[in-house]
Amino acid sequence: MSTRKTVLLLVVVLFAVPAWSKVFVRWTQPVPPPAKRLGVHELAIPWTADALSLSQGAARQGYRVYAEVAIGDASSAAKAAAKVGFAGIIVNSGDSQPDQIDQALRKLRSAYPRLLFLILNPNGKQPQMRGTLIVKRNGVLEATSPTAQPWLDTNLALVRLERAFRPAQTPLYSFAWELTDSLQQQHGPDVKDYALAVAEAGAFDADLVLSLHESLETGMAQNNPGAWAVWDQVKSYLRFSPQHPERRLDPEANVGVVTDDDAASYEPINLLARHNIALRVLRPADLSPRGLEGVDVVVVFSALEKLKAETVTDFAKKGGVAVLVGSQRSLARQSDSGQSAQPVRLSEQSVSYAVGKGRMIELSEPVTDPESFAQDIRRLIDHHKIRISLWNALTTVAVLYRPTGTPRRIVELLNYAEEPLQVQVQVKGSFRSIRFESPEQGCCESLKPTVRDGFTEFVVPSLNVAGRVYLQPESAAPESSRR
C-alpha cells in the first residue's frame, strides 16, 4: 500500500502546474555571459548553423540550453541536440495545425526521452498601453475617442487558451517588439518594457521566450557597462516573478468560456480579461459540471454534442446564466414543467429564455464589439459574487489566485501605464491580513483591510509595474513562515 501511495504522490508532483514562471532568453551572440551574471538559467538558441557550437559554450557558462526550431526541423534538431547535451527542444508552432504538432512530438518524445520538448506560441503581443481602441460596427472600423478607456495589449487571453488546449504544458509564448521610432529602433526597448514583459508572464503563470534587442545582447556579450546597467534593473523583475511560496495556484473564475475556435473567441476573451473579469477557458470536450463549479456565467462559442449541451442546460437550471454565441436555437427551450419557455427579446440579435432557476441568452451573430460584450457579461454577474474588482485603475490588470486547498488568496497586479499608480482593490471574502510586495520594495508592506458585506477592500498605495498581494484570514499562518 505504501508503494502505491508513493507512486501516486510522484505522479501528482510530476503533473502539478508549478506556481512560478520561467523566462528563456533568446540568445544569438557567440559567447553568452555567465548564467549567474545574466540572472537566467535557460537560453533559447535559434536553430542555425552555429547553434551546436553556441550551445556548448553556453553550457560551460552554466545554462540549460534549448534549441528553438520550426516543426519541420524538429526531428533533425533533436537528433543533433541529443548528442551534444541540449536540455530540450522548443518547437515554434507557427501556422502548423495542433494535431500535426502533437503527432510529431509524440514520436520525438518516444525517440529522445532525455530531451524536453516544449511548444512555443509565437503570436504573443508586446505588453503595452495604447491610446485608442479599434472596434468594428456594421462592417466599419471605428476608433474610440482619446478620452475613452485606454487600450491595453496583454497576453492573458493567449495564456488562458494555451492552458485549455495544452493542459500538459505550462503556456509558453513569445512576441516581437514594436519599435516605432528611430531611437527605439537603434537602442531597443527601455527597462520598463522588458520589466513589464517579464512581470506579465509571471503574473499569468506562464513561461516566456524573451527576445533581446541587438544592442542590448551585443552590449552584454561585450561586457558593456551601459548594457549591464539596463539589464541589472530588469533582473529585479526576473527575481520577483518566480517568488510564489505556493506549489500550485488555481485562478479564480466568475465566467466559463467554452470554445474550440480561437479566431471567433479570442477578442471577446481578451476583453473579458482586460476588464478584470475572472474567467476560465474550457474546450468542448472538457466541459463538465465540475469544470463549471464556482462559475456564474458560461459563454459558449462552440457547437456542442448532446451530452455537453445538457451540461450547459443543467448549469442554467441551477441558477446560472448561459450565453450562446452564434446560436440559432436554444439548447433547451422547455421549462421544468415541460411547457415552452417564452422568449424575451433583448435586442435585434439576442433573446433570453428562462430555464429553471436561471436563463439562457442567445446571440444570433458572432461578437462584433468585444468591448460592449465584456461589459454586458459583467452586468450578468450578481455584484455580490464578483471575485475581484478594481477602482482608479484603468491601466491595471489583476489576476486572483487561490493556493490549492487553502482559504488564502494571492492577487497579481500589472500596471501597463508603467507610471506609479494608487489602486483600490475589492476581493470576495473576509481577510484580516493584507501584505504587498513588489520588485522595487521587496516583501512586504502591510495594508489596511476594510471588511464589509462579504468583501475585503484595500488600497495599494503605489503600483509601479508589478506587485503581488497576499490575503489571509485570521486563522491562516503568515506566508513568511512558509518560505
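The values are calculated or read from the model by the stated rules, or taken from the named source; none is laboratory data. Here the structure is a predicted model, which means the values were calculated and not measured. With ideal geometry, Cβ positions are generated from the backbone for all residues, glycine too; neighbour counts draw on all protein chains shown. Quick note on the areas: whole protein, heavy atoms, side chains included, nothing else; ligands and nucleic acids left out. Shrake-Rupley method; radii C 1.70, N 1.55, O 1.52, S 1.80 Å.
Dividing the Cα radius of gyration of the range 338-456 by 2.2 N^0.38 Å, with N the residue count, gives 1.43.
Taking Cα pairs under 8 Å and at least six residues apart, what relative contact order does the chain come out at, in percent? All intermediate terms of the calculation are to be shown ahead of the outcome.
Details: 959 pairs, mean separation 58.2, N = 483.
With pairs under 8 Å counted, the relative contact order is 12 percent.
For a straight C-alpha distance cut-off of 27 angstrom, the lysines reachable from K192 (same-chain residues fewer than eight places away being disregarded) are K22, K36, K125, K235. Here's the list of lysines a cross-link from K308 could span, going by alpha-carbon distance under 24 Å and ignoring same-chain residues fewer than 8 apart: K317, K318, K357. What is the distance, in nm, between label points placed 7 Å from the Cα along the Cα-to-Cβ direction at E445 and at K318? Computed distance between label sites E445 and K318 equals 4.2 nm.
Accessible surface computed residue by residue for the range 392-483, with neighbouring protein chains in place and a 1.4 Å probe, gives 42 Å² per residue. 3J(HN,Hα) along the range 357-363, derived from phi through the Karplus expression 6.51 cos²θ - 1.76 cosθ + 1.60 where θ = phi - 60°, amounts to 8, x, 7, 10, 10, 9, 10 Hz, with x in place of Gly and Pro. What is the range 417-480 by shape, rounded, prolate or oblate, if you read a ≥ b ≥ c off the alpha carbon gyration tensor as root eigenvalues and call it rounded for a/c under 1.5, prolate for a/b larger than b/c, and oblate otherwise? Here the range 417-480 falls in the oblate category. For the range 182-191, putting each phi into the Karplus relation 6.51 cos²θ - 1.76 cosθ + 1.60 with θ = phi - 60° gives couplings of 5, 5, 5, 4, 7, 9, x, x, 8, 4 Hz, in residue order, rounded to whole numbers and with x for Gly and Pro. Computed over the chain, the Cα gyration tensor eigenvalues convert (square root of 5λ each) into semi-axes of 39, 27, 24 Å, ordered from largest to smallest. Each peptide among 205-214, 170-179 gets the average number of other Cβ atoms lying within 10 Å of its residues, and from highest to lowest they stand as 205-214, 170-179. Within a straight-line Cα-Cα reach of under 23 Å, K448 can be paired with the following lysines, leaving aside sequence neighbours fewer than 8 residues apart in one chain: K385, K428. Note on L179 and T48: the model spin-label points, each 7 Å out from Cα along the C-beta direction, lie 1.5 nm apart. Taking the 1.4 Å solvent-accessible surface of the chain as the whole, the part contributed by carbon and sulfur is 51%.
If R0 equals 35 Å, the separation of the Cβ atoms of D369 and A168 corresponds to a calculated FRET efficiency of about 0.50.
Here's how it looks for L172: its modeled amide H is under 5 Å from those of N121, D207, which are all 5 or more places away or on a different chain.
So if we plug the beta-carbon distance of D190 and D95 into 1/(1 + (r/R0)^6) with R0 = 25 Å, what FRET efficiency do we get, rounded to 0.05? Mind showing how you got there, number by number?
Working: r = 32 Å, r/R0 = 1.27.
Efficiency computed from Cβ-Cβ geometry: 0.20.
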